Amino acid sequence: MFSLKNKVAFIIGAGSVGPGWGNGRATATLLARQGAKVFALDKSPQALEETIRIIREEGGEVEGAVCDATIGEEIHTAIEACVKRFGRLDILVNNIGGSQPGGVEQLSEDDWDAQINYNLKSVYLSCKHAMPYLKQSPGSAIVNVSSVAALRMMKARPHSAYSAAKYGVIALSRSIAIQNAPAGVRCNTVIPGLMNTPVVEHRLVKQLGSVGAQELIANRDAQIPLGKAGTGWDIAHAVLFLVSDEAGHITGTELLVDGGYTAAAA
Ligand SMILES: NC(=O)c1ccc[n+]([C@@H]2O[C@H](COP(=O)([O-])OP(=O)(O)OC[C@H]3O[C@@H](n4cnc5c(N)ncnc54)[C@H](O)[C@@H]3O)[C@@H](O)[C@H]2O)c1
(Lines give C-alpha, C1' and ligand atoms only; values in the text may rest on other atoms or scores of the structure.)
Protein backbone atom coordinates (compact mmCIF):
# COMPACT_ATOMS: atom_id res chain seq x y z
CA MET A 1 0.00 0.00 0.00
CA PHE A 2 0.96 3.62 -0.56
CA SER A 3 3.71 2.75 -3.03
CA LEU A 4 4.93 5.69 -5.12
CA LYS A 5 7.25 3.59 -7.26
CA ASN A 6 7.81 5.12 -10.73
CA LYS A 7 6.18 8.38 -9.65
CA VAL A 8 7.90 11.77 -9.70
CA ALA A 9 7.10 14.16 -6.84
CA PHE A 10 7.82 17.89 -7.01
CA ILE A 11 7.92 19.30 -3.49
CA ILE A 12 8.03 23.04 -2.89
CA GLY A 13 9.44 24.13 0.47
CA ALA A 14 11.22 20.82 0.97
CA GLY A 15 13.59 22.22 3.57
CA SER A 16 12.92 23.53 7.04
CA VAL A 17 13.50 26.88 8.73
CA GLY A 18 15.89 25.22 11.21
CA PRO A 19 17.45 21.85 11.95
CA GLY A 20 14.90 19.06 12.30
CA TRP A 21 11.74 18.00 10.57
CA GLY A 22 9.57 20.65 9.00
CA ASN A 23 6.43 19.57 7.16
CA GLY A 24 8.16 19.80 3.77
CA ARG A 25 11.34 17.95 4.74
CA ALA A 26 9.37 15.12 6.34
CA THR A 27 7.10 14.94 3.28
CA ALA A 28 9.99 14.82 0.81
CA THR A 29 11.73 12.12 2.85
CA LEU A 30 8.58 10.00 3.29
CA LEU A 31 7.61 10.20 -0.38
CA ALA A 32 11.16 9.14 -1.33
CA ARG A 33 10.94 6.22 1.12
CA GLN A 34 7.74 5.15 -0.64
CA GLY A 35 9.65 4.99 -3.92
CA ALA A 36 8.99 8.39 -5.49
CA LYS A 37 11.71 10.18 -7.39
CA VAL A 38 11.74 13.52 -5.60
CA PHE A 39 12.46 16.92 -7.09
CA ALA A 40 12.95 19.12 -4.02
CA LEU A 41 12.68 22.87 -4.14
CA ASP A 42 13.58 25.47 -1.56
CA LYS A 43 14.58 29.11 -1.38
CA SER A 44 17.28 28.31 1.17
CA PRO A 45 20.31 26.45 -0.25
CA GLN A 46 21.26 25.10 3.20
CA ALA A 47 17.77 23.82 3.98
CA LEU A 48 17.53 22.19 0.56
CA GLU A 49 20.99 20.62 0.84
CA GLU A 50 20.09 19.02 4.18
CA THR A 51 16.93 17.41 2.76
CA ILE A 52 18.83 16.11 -0.27
CA ARG A 53 21.58 14.72 1.97
CA ILE A 54 19.06 12.87 4.17
CA ILE A 55 17.21 11.32 1.22
CA ARG A 56 20.41 10.26 -0.56
CA GLU A 57 21.85 8.74 2.63
CA GLU A 58 18.68 6.64 2.90
CA GLY A 59 19.18 5.47 -0.69
CA GLY A 60 16.37 7.56 -2.16
CA GLU A 61 16.43 9.31 -5.52
CA VAL A 62 16.36 13.09 -5.34
CA GLU A 63 17.33 16.17 -7.30
CA GLY A 64 16.84 19.73 -6.18
CA ALA A 65 16.76 23.36 -7.16
CA VAL A 66 17.10 26.57 -5.22
CA CYS A 67 14.13 28.65 -6.27
CA ASP A 68 11.82 31.36 -5.01
CA ALA A 69 8.39 29.80 -5.52
CA THR A 70 6.67 33.20 -5.46
CA ILE A 71 8.29 34.06 -8.80
CA GLY A 72 6.53 32.57 -11.80
CA GLU A 73 9.58 32.37 -14.06
CA GLU A 74 11.66 30.60 -11.42
CA ILE A 75 9.00 28.00 -10.68
CA HIS A 76 8.41 27.43 -14.38
CA THR A 77 12.14 26.84 -14.95
CA ALA A 78 12.30 24.42 -12.00
CA ILE A 79 9.31 22.39 -13.25
CA GLU A 80 10.91 22.15 -16.70
CA ALA A 81 14.17 21.00 -15.03
CA CYS A 82 12.27 18.30 -13.11
CA VAL A 83 10.59 16.97 -16.24
CA LYS A 84 13.89 17.07 -18.15
CA ARG A 85 15.61 15.11 -15.36
CA PHE A 86 12.91 12.54 -14.57
CA GLY A 87 10.79 12.56 -17.73
CA ARG A 88 7.44 13.17 -16.06
CA LEU A 89 5.58 14.77 -13.17
CA ASP A 90 2.98 12.92 -11.08
CA ILE A 91 2.81 14.66 -7.72
CA LEU A 92 2.93 18.32 -6.73
CA VAL A 93 3.13 19.39 -3.08
CA ASN A 94 2.86 23.08 -2.18
CA ASN A 95 4.25 23.43 1.31
CA ILE A 96 5.68 26.96 1.57
CA GLY A 97 3.98 29.44 3.83
CA GLY A 98 4.20 31.36 7.04
CA SER A 99 2.39 34.04 8.97
CA GLN A 100 2.92 37.66 9.65
CA PRO A 101 0.52 38.51 12.48
CA GLY A 102 -1.68 41.58 12.38
CA GLY A 103 -5.20 42.80 11.76
CA VAL A 104 -6.12 44.97 8.80
CA GLU A 105 -5.18 48.16 10.65
CA GLN A 106 -1.78 46.87 11.64
CA LEU A 107 -0.69 45.33 8.32
CA SER A 108 0.72 47.66 5.68
CA GLU A 109 -0.34 47.15 2.07
CA ASP A 110 3.12 45.77 1.37
CA ASP A 111 2.77 43.27 4.25
CA TRP A 112 -0.64 42.21 2.89
CA ASP A 113 0.68 41.70 -0.64
CA ALA A 114 3.70 39.78 0.64
CA GLN A 115 1.49 37.43 2.69
CA ILE A 116 -0.86 36.76 -0.22
CA ASN A 117 2.04 36.20 -2.63
CA TYR A 118 3.82 33.89 -0.24
CA ASN A 119 0.86 31.81 0.96
CA LEU A 120 -1.55 31.86 -1.99
CA LYS A 121 -0.06 33.15 -5.24
CA SER A 122 2.78 30.62 -4.95
CA VAL A 123 0.17 27.83 -5.05
CA TYR A 124 -1.46 29.28 -8.17
CA LEU A 125 1.92 29.63 -9.88
CA SER A 126 3.12 26.07 -9.38
CA CYS A 127 -0.28 24.56 -10.23
CA LYS A 128 -0.40 26.66 -13.39
CA HIS A 129 3.02 25.56 -14.60
CA ALA A 130 2.77 21.93 -13.45
CA MET A 131 -0.73 21.25 -14.80
CA PRO A 132 0.22 20.48 -18.43
CA TYR A 133 2.56 17.72 -17.17
CA LEU A 134 0.21 16.43 -14.47
CA LYS A 135 -2.48 15.99 -17.12
CA GLN A 136 -0.16 13.66 -19.01
CA SER A 137 0.37 11.39 -15.97
CA PRO A 138 -2.45 8.99 -15.07
CA GLY A 139 -3.23 9.11 -11.35
CA SER A 140 -1.53 12.45 -10.77
CA ALA A 141 -2.25 14.46 -7.64
CA ILE A 142 -1.69 17.85 -6.02
CA VAL A 143 -1.64 18.51 -2.30
CA ASN A 144 -1.64 22.09 -1.07
CA VAL A 145 -0.82 22.89 2.54
CA SER A 146 -3.18 25.31 4.26
CA SER A 147 -3.41 26.07 8.00
CA VAL A 148 -5.87 25.86 10.84
CA ALA A 149 -5.53 29.65 10.85
CA ALA A 150 -7.97 29.53 7.93
CA LEU A 151 -10.61 27.97 10.18
CA ARG A 152 -9.96 29.26 13.69
CA MET A 153 -9.39 32.92 14.43
CA MET A 154 -7.39 34.01 17.47
CA LYS A 155 -9.20 36.87 19.21
CA ALA A 156 -6.07 38.20 20.87
CA ARG A 157 -3.72 37.73 17.95
CA PRO A 158 -5.24 38.17 14.48
CA HIS A 159 -3.43 36.95 11.38
CA SER A 160 -5.81 38.52 8.86
CA ALA A 161 -3.68 38.16 5.72
CA TYR A 162 -2.40 34.67 6.59
CA SER A 163 -5.91 33.43 7.48
CA ALA A 164 -7.34 34.88 4.27
CA ALA A 165 -4.56 33.41 2.14
CA LYS A 166 -4.80 29.96 3.73
CA TYR A 167 -8.59 29.97 3.31
CA GLY A 168 -7.87 30.94 -0.28
CA VAL A 169 -5.67 27.84 -0.63
CA ILE A 170 -8.69 25.68 0.24
CA ALA A 171 -10.93 27.41 -2.32
CA LEU A 172 -8.23 27.38 -4.99
CA SER A 173 -7.62 23.66 -4.42
CA ARG A 174 -11.33 22.88 -4.75
CA SER A 175 -11.52 24.94 -7.94
CA ILE A 176 -8.48 23.20 -9.43
CA ALA A 177 -9.90 19.81 -8.40
CA ILE A 178 -13.21 20.34 -10.17
CA GLN A 179 -11.81 21.89 -13.33
CA ASN A 180 -9.18 19.19 -13.76
CA ALA A 181 -11.11 16.12 -12.60
CA PRO A 182 -12.03 15.18 -16.20
CA ALA A 183 -8.30 15.11 -16.98
CA GLY A 184 -7.71 12.78 -14.02
CA VAL A 185 -5.75 15.24 -11.90
CA ARG A 186 -6.78 15.19 -8.23
CA CYS A 187 -6.23 18.15 -5.91
CA ASN A 188 -6.69 18.23 -2.14
CA THR A 189 -5.66 20.33 0.84
CA VAL A 190 -3.94 19.27 4.04
CA ILE A 191 -4.76 21.58 6.93
CA PRO A 192 -2.17 21.40 9.70
CA GLY A 193 -3.17 22.42 13.21
CA LEU A 194 -0.51 23.45 15.71
CA MET A 195 2.57 21.50 14.65
CA ASN A 196 5.75 21.21 16.62
CA THR A 197 8.10 21.87 13.70
CA PRO A 198 11.33 23.96 13.83
CA VAL A 199 9.14 26.98 13.03
CA VAL A 200 8.11 27.13 16.69
CA GLU A 201 11.65 27.67 17.93
CA HIS A 202 13.03 29.55 14.94
CA ARG A 203 10.16 31.88 14.03
CA LEU A 204 7.28 31.92 16.54
CA VAL A 205 9.41 32.50 19.63
CA LYS A 206 10.92 35.56 17.92
CA GLN A 207 7.50 36.80 16.77
CA LEU A 208 6.01 36.53 20.26
CA GLY A 209 9.05 37.88 22.05
CA SER A 210 7.72 37.05 25.53
CA VAL A 211 8.04 33.25 25.88
CA GLY A 212 10.82 30.72 25.44
CA ALA A 213 10.58 27.71 23.14
CA GLN A 214 9.79 25.17 25.88
CA GLU A 215 7.03 27.32 27.36
CA LEU A 216 5.53 27.95 23.92
CA ILE A 217 5.59 24.24 23.06
CA ALA A 218 3.88 23.43 26.39
CA ASN A 219 1.24 26.14 25.75
CA ARG A 220 0.52 24.72 22.32
CA ASP A 221 0.40 21.12 23.56
CA ALA A 222 -2.14 22.13 26.24
CA GLN A 223 -4.58 23.32 23.56
CA ILE A 224 -4.69 19.99 21.71
CA PRO A 225 -7.35 17.42 22.71
CA LEU A 226 -4.90 14.60 21.89
CA GLY A 227 -2.48 16.21 24.36
CA LYS A 228 0.35 17.16 22.04
CA ALA A 229 1.02 19.29 18.99
CA GLY A 230 1.64 17.28 15.82
CA THR A 231 4.92 16.90 13.96
CA GLY A 232 6.09 17.21 10.38
CA TRP A 233 5.61 13.46 10.08
CA ASP A 234 1.88 13.76 10.77
CA ILE A 235 1.63 16.13 7.81
CA ALA A 236 3.86 13.91 5.68
CA HIS A 237 1.64 10.86 6.27
CA ALA A 238 -1.49 12.84 5.39
CA VAL A 239 0.16 14.04 2.17
CA LEU A 240 1.29 10.50 1.35
CA PHE A 241 -2.25 9.19 1.71
CA LEU A 242 -3.73 11.91 -0.49
CA VAL A 243 -1.19 11.50 -3.32
CA SER A 244 -1.35 7.71 -3.24
CA ASP A 245 -3.45 5.59 -5.59
CA GLU A 246 -5.36 4.44 -2.48
CA ALA A 247 -6.89 7.95 -2.37
CA GLY A 248 -7.83 7.72 -6.04
CA HIS A 249 -11.49 8.66 -5.44
CA ILE A 250 -10.67 11.63 -3.22
CA THR A 251 -10.51 15.10 -4.73
CA GLY A 252 -11.60 18.63 -3.90
CA THR A 253 -11.52 18.08 -0.15
CA GLU A 254 -9.50 18.80 2.96
CA LEU A 255 -7.73 16.63 5.50
CA LEU A 256 -7.46 18.31 8.89
CA VAL A 257 -4.41 17.13 10.87
CA ASP A 258 -4.85 18.88 14.21
CA GLY A 259 -5.27 16.42 17.08
CA GLY A 260 -8.88 17.55 17.53
CA TYR A 261 -8.03 21.27 17.93
CA THR A 262 -10.68 22.50 15.47
CA ALA A 263 -13.46 20.17 16.62
CA ALA A 264 -12.89 21.24 20.22
CA ALA A 265 -13.66 24.83 19.30
CA ALA A 266 -17.06 24.01 17.82
N1 LIG B 1 4.36 24.53 11.78
C2 LIG B 1 3.09 24.78 12.05
O3 LIG B 1 2.65 24.83 13.22
C4 LIG B 1 2.11 24.98 10.93
C5 LIG B 1 0.77 25.11 11.24
C6 LIG B 1 -0.15 25.30 10.23
C7 LIG B 1 0.29 25.37 8.92
N8 LIG B 1 1.61 25.25 8.64
C9 LIG B 1 2.01 25.34 7.23
O10 LIG B 1 2.88 24.27 6.90
C11 LIG B 1 3.80 24.69 5.89
C12 LIG B 1 5.22 24.39 6.27
O13 LIG B 1 5.44 24.64 7.58
P14 LIG B 1 6.83 24.30 8.27
O15 LIG B 1 6.56 24.43 9.72
O16 LIG B 1 7.41 23.05 7.76
O17 LIG B 1 7.68 25.59 7.75
P18 LIG B 1 9.22 25.81 7.41
O19 LIG B 1 9.36 27.30 7.31
O20 LIG B 1 10.13 25.09 8.37
O21 LIG B 1 9.42 25.15 5.98
C22 LIG B 1 9.09 25.80 4.83
C23 LIG B 1 10.26 25.74 3.85
O24 LIG B 1 9.88 26.56 2.73
C25 LIG B 1 11.00 27.32 2.32
N26 LIG B 1 10.54 28.54 1.65
C27 LIG B 1 10.07 29.66 2.23
N28 LIG B 1 9.76 30.57 1.30
C29 LIG B 1 10.03 29.99 0.09
C30 LIG B 1 9.92 30.44 -1.24
N31 LIG B 1 9.45 31.67 -1.54
N32 LIG B 1 10.28 29.62 -2.23
C33 LIG B 1 10.76 28.37 -1.95
N34 LIG B 1 10.90 27.90 -0.70
C35 LIG B 1 10.54 28.71 0.32
C36 LIG B 1 11.76 27.62 3.59
O37 LIG B 1 13.13 27.91 3.30
C38 LIG B 1 11.57 26.34 4.39
O39 LIG B 1 12.64 25.44 4.14
C40 LIG B 1 3.51 26.17 5.65
O41 LIG B 1 2.65 26.31 4.55
C42 LIG B 1 2.80 26.60 6.92
O43 LIG B 1 1.97 27.73 6.71
C44 LIG B 1 2.53 25.05 9.61
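The values are calculated or read from the model by the stated rules, or taken from the named source; none is laboratory data. Keep in mind the model is a prediction, meaning the values are calculated, not measured. No Cβ is skipped: glycine too gets one built from the backbone with ideal geometry, and neighbour counts run over all protein chains shown.
Some observations on this one:
- Against the test of being in contact (Cβ under 8 Å) with a residue 12 or more places away in the chain, surrounded by 18 or more Cβ atoms within 10 Å (Cβ to Cβ) and within 10 Å of the ligand (Cβ to nearest atom), the options Gly97, Gly60 yield a single qualifying residue, Gly97.
- The listed residue being within 11 Å of the ligand (Cβ to nearest atom) and under 23 Å from Ser122 (Cα atoms), out of Ala14, Ala9: Ala14
- Note on the stretch 144-225: enclosed helices (runs of 4 or more DSSP H) holding 3 or more residues that are more than 8 Å from the ligand (Cβ to nearest atom), farther than 19 Å from Ile116 by Cβ and in contact with a Ser or Thr (Cβ under 9 Å, 6 or more places away or on another chain) are 160-180.
- For the stretch 235-250, a residue qualifies if it is of a type outside the set (Gly, Ala, Ser) and under 15 Å from Val93 (Cβ atoms), and the qualifying residues are Ile235, His237, Val239, Leu240, Phe241, Leu242, Val243.
- In the condition set (1) closer than 24 Å to Ser244 by Cα; (2) of a type in the set (A, V, I, L, M); (3) modelled with pLDDT under 95, Ala156 is compliant with all but (1).
- Test: residue in the stretch 45-55 that is in contact (Cβ under 8 Å) with a residue 12 or more places away in the chain, of a type outside the set (A, V, I, L, M), crowded, with 21+ Cβ neighbours inside 10 Å and under 28 Å from Thr251 (Cα atoms): no
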